[in-house]
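*Asks:* After the structure tokens below, expect a handful of questions from me.
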Amino acid sequence: MVRDNVATAMPLESTKPMAIDVLILTNGPGEVSTWVKPVVQQLRKREPDHEQMRLSVMLSPCPHASGGEMASLKSYAEVDRVQGPDAFFRFLLTGNTTDDWDWHSQGVVVFLGGDQLYAVWAAKRLDYRTVIYAEWEPRWLNWVDGFGMMQGDTTEKVAAKYQPKLTVVGDLMADVESADSAELPFSPETQVIGLMPGSKPDKLRPGVPLSLAIAHTLHQTHPDLEFIIPVAPTVTPDTLATYADPTQNATVAVMNGPSARLITPDNPANSGLPYFQIKDGPKVWLWTDFPAHGLLKRCTLCITTVGANTAQLGSLAVPMVVLLPTQQLDVMRTWDGLWGLLCQLPVVGSLLTTVINTVAIQYIQRNQKRFAWPNIWAKEEVVPELLGRITAEEVCDRIATYLKHPEQLEAMGQNLRNLRGPSGAASRFAQLILETLPADAFNRIETNH
């Protein structure tokens, strides 16, 4: 009788589904909100049982981190455990985590921000498979099991033997739901111009005074417009105010920036948003919640510097005008590589910066090089780029033309939507992750789903 009991118990134990781990590597606030969130939502839809599929997230160090990434990730009900960036390299080097995490024998490491090498390294340490979301370039092709590509055009240069590893899933940002909770200080019918001067000092020096000058100039002919700055997560209103102050930022005079005073409510929860009050001009509201997708979608048009902002606006299909002002060449020290290092040299750095920038700008204009990501994706001008000694009057003339011809804004938005591709990228990427798992684990999840 005892043997019979044992014999009947063993098959029950052997048929118990094997649990799996999904380890997601990410870094900055944008990736956490626009990549991780939709992906974990889709994964959890496919396997609601947290014991059978455990979702862990590790943050790698990021210079643009806001400090709130851990709290955001812990608020996602789909995620089981989170580790901050301080212990990231300790894990890569030793396999140890802050809270002594255990690991299932089967799993997959998913790259959603940072350095693709980190995902390869983590997967080797855990003996897991690897899936990478690649906006532009898939790397470490020998050691990665699958790539979810944002666009098909980026796969063309990949060798034929690696093509089976590439799956075009689309733009994850297109699946992010708007969830801005604070109320805007104007009616839903009001036309809003978003001003995005950047987050780094070299962009903020000219960007803040130029943005305020645009608001001041446009207000004179379009007094019903509202203006708002979505404040980058690494910047505060007080920081922006220093770039609007001519005693702290010499570029204010170069850009003909207006006099502006920062007004901060005593209790933002009850008193509304902080704002710049331009002398003899409009208020420029400051939106500090991040991400600001709902706000950006609310904007009629955004005026932005080059960089990640253009990718974000493109993914949200928000019309934009992209600015690269060159009035003060010796402050443009943002080049990569050797040129960037030369520009940072003491004493001669300023002179070298001016020379390098002059030559670079001439080359850019001669070869019609594009900087806005939608234009790079399309290989043609989808959104206008203004390069050179840009004035607020020039930008306002362009804005006024768009406001007078809203069909042009609609056409720009539609072109951006066409570039972005259809929704559902998070669902397709989640499916790719599961398909990369060992066959027995994948089949079980698919059957349950």
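*Asks:* 5 Å is the cut-off here: which amide hydrogens, built 1.01 Å from N in the peptide plane, fall below it relative to I132, excluding neighbours closer than 5 in sequence?
*Replies:* Those lying under 5 Å, H to H, from I132 are F111, G146, F147, G148.
*Asks:* Residue by residue through the stretch 238-253, which ³J(HN,Hα) values in whole Hz follow from phi under the Karplus form 6.51 cos²θ - 1.76 cosθ + 1.60 (θ = phi - 60°), with glycine and proline marked x?
*Replies:* Values per residue, Gly and Pro as x: 5, 5, 4, 4, 5, 7, 8, 9, x, 6, 10, 9, 5, 6, 4, 5 Hz.
*Asks:* Hey, another quick one. Can you give me the C-alpha center-to-center distance between the stretch 156-230 and the stretch 78-107, rounded to a whole angstrom?
*Replies:* For the stretch 156-230 versus the stretch 78-107, the Cα centre distance is 34 Å.
*Asks:* Amide H neighbours of T305 under 5 Å, at least 5 residues apart or on other chains, H built in the peptide plane: list them.
*Replies:* Correct list: M196, G198, L323.
*Asks:* Convert 25 °C to kelvin, take the viscosity as 0.890 mPa s, use the Kirkwood radius over C-alpha pairs of the stretch 375-441 as Rh, and evaluate the Stokes-Einstein diffusion coefficient in µm²/s, rounded to a whole number.
*Replies:* 158 µm²/s
*Asks:* Across the stretch 392-406, in residue order, what do the Karplus-derived ³J(HN,Hα) couplings come to in whole Hz, using 6.51 cos²θ - 1.76 cosθ + 1.60 with θ = phi - 60° and x for Gly and Pro?
*Replies:* Residue by residue, the stretch 392-406 yields 4, 4, 4, 5, 5, 4, 5, 4, 4, 4, 5, 5, 6, 10, x Hz.
*Asks:* Just to check I understand the Karplus step: with θ = phi - 60° and J = 6.51 cos²θ - 1.76 cosθ + 1.60, what whole-Hz values come out for the stretch 290-305, glycine and proline as x?
*Replies:* Those phi angles translate into 9, x, 10, 4, x, 5, 4, 5, 6, 6, 5, 7, 10, 10, 9, 7 Hz.
*Asks:* Same structure, new question: Any idea which of P188, C302, Q220 is furthest toward the positive side of the dipole for the stretch 159-302, if Lys and Arg beta-carbons carry +1 and Asp and Glu beta-carbons -1?
*Replies:* Of P188, C302, Q220, it is C302.
*Asks:* Given a 1.4 angstrom probe, what's the average accessible area per residue across the stretch 150-268, in square angstrom?
*Replies:* On a per-residue basis, 49 Å².
*Asks:* Taking H placed 1.01 Å from N in the peptide plane, check which residues at least 5 places from H104 or on another chain put their amide H under 5 Å from its amide H.
*Replies:* D21
The values are calculated or read from the model by the stated rules, or taken from the named source; none is laboratory data. Computed from a prediction, not measured in an experiment: that's the story for all the values here. We place every Cβ from the backbone using ideal geometry, glycine too, and count neighbours over all the protein chains shown. What goes into the accessible areas is simple: the full protein's heavy atoms, side chains included, and nothing from ligands, DNA or RNA. Shrake-Rupley method; radii C 1.70, N 1.55, O 1.52, S 1.80 Å.
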